[in-house]
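The values are calculated or read from the model by the stated rules, or taken from the named source; none is laboratory data. Everything numeric in this text was worked out from a predicted model, so none of it was measured. Ideal geometry is used to build each Cβ from the backbone, glycine not excepted, and the neighbour counts take in all protein chains shown. The protein model used for the area step is the full one, side chains on, heavy atoms only, and it has no ligands, DNA or RNA in it. Shrake-Rupley method; radii C 1.70, N 1.55, O 1.52, S 1.80 Å.
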Amino acid sequence: MTLPAKNLVRLALITAGILLVPLVLTQFTDGEGWNLFDFIVAGGLIFGTGLAYELVARRRGNTAYRLGAGLALAATLLLIWANLAVGIIGSEDNPANLLFGGVLIIVFLGSILARLQPQGMARTMLAAAGAQFLVPVVAVLIWRPELTAGVAKVFAANLLFVALWVGSALLFRQASGPRPEAASTAFGAA
């Protein structure tokens with residue numbers, strides 16, 4: 001499936017526009033700004049996410065499906081970005097953050113196995129939500145940190161991602177149409 005050149009140009013311009021924000025902010029701060037590598041990684045993530053959305057959105061016309069895909073891609077982008085930038089568990093150097101890679105593997109493989117069909121995508125997003133929920137639990141069990149407000153903040157931030165995955169699952173479920181038992185009940189009542 002190919003995209004028209006105008007879509008790619010539009011996507012490149014949106015990516016460049018988003019990257020202008022940190023570029024301008026870097027000029028006005030005394031602290032460390034982004035280096036060239038940071039801009040390349042951020043640009044690749046933003047452009048890649050937009051490209052993935054364009055490809056998925058062209059495949060389906062259903063609004064709920066498009067919103068579900070957009071929410072899933074936003075969750076993926078934010079999860080990667082947060083881990084690369086500052087880390088969700090401790091700093092970006094904390095090995096516990098690698099556990100979030102399991103969530104991304106579930107999303108990637110689940111999407112392939114579901115063949116991007118709404119019902120399979122809904123199950124995949126629920127599996128991602130479950131894995132996301134378990135990451136800080138597993139991290140606490142393995143690394144046994146002192147239970148402080150910082151640990152509570154990690155769990156709270158993690159719940160935001162869980163909510164994104166669950167929201168995506170609900171949208172994909174809605175995109176799959178009425179469940180067979182609901183449809184038969186509706187026709188049986190008529």
- Which Cα, out of Thr26, Met121, Ala157, lies furthest along the positive dipole direction of the chain (beta carbon charges, K/R +1, D/E -1)? Met121
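Decide, for the chain, between rounded, prolate and oblate: order the square roots of the alpha carbon gyration tensor eigenvalues as a ≥ b ≥ c, take rounded if a/c falls under 1.5, and otherwise choose prolate if a/b is larger than b/c, else oblate. Write out the running numbers ahead of the final one.
On the way: a/c = 2.60, a/b = 1.26, b/c = 2.05.
Oblate, since a/c reaches 1.5 and b/c is not below a/b.
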- Mean accessible area per residue over the chain (1.4 angstrom probe, all protein chains present, square angstrom) is 61
- Sticking with the crude label model, points 7 Å out along Cα→Cβ, report the distance from Ala152 to Ser91 in nm, one decimal please. 2.5
- Which order do peptides 37-49, 11-23, 117-129 fall in by mean Cβ count within 10 Å, highest first? 117-129, 37-49, 11-23
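If I stretch the segment between Phe37 and Trp81 completely, what's the gain in nm (0.36 nm per residue apart, minus their alpha carbon distance), one decimal? Walk me through the numbers on the way to the answer.
Details: separation 44, 0.36 × 44 = 15.84 nm, distance 1.36 nm.
Roughly 14.5 nm would be gained on extension.
Based on Cβ point charges of +1 for Lys and Arg and -1 for Asp and Glu, what charge dipole magnitude is obtained for the chain about its Cα centre, in debye rounded to the nearest 20?
My answer is approximately 980 debye.
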- Task: Report the label-to-label distance for Ala16 and Thr29 in nanometres (one decimal), using points 7 Å from each Cα along the Cα→Cβ vector.
- Result: 2.4
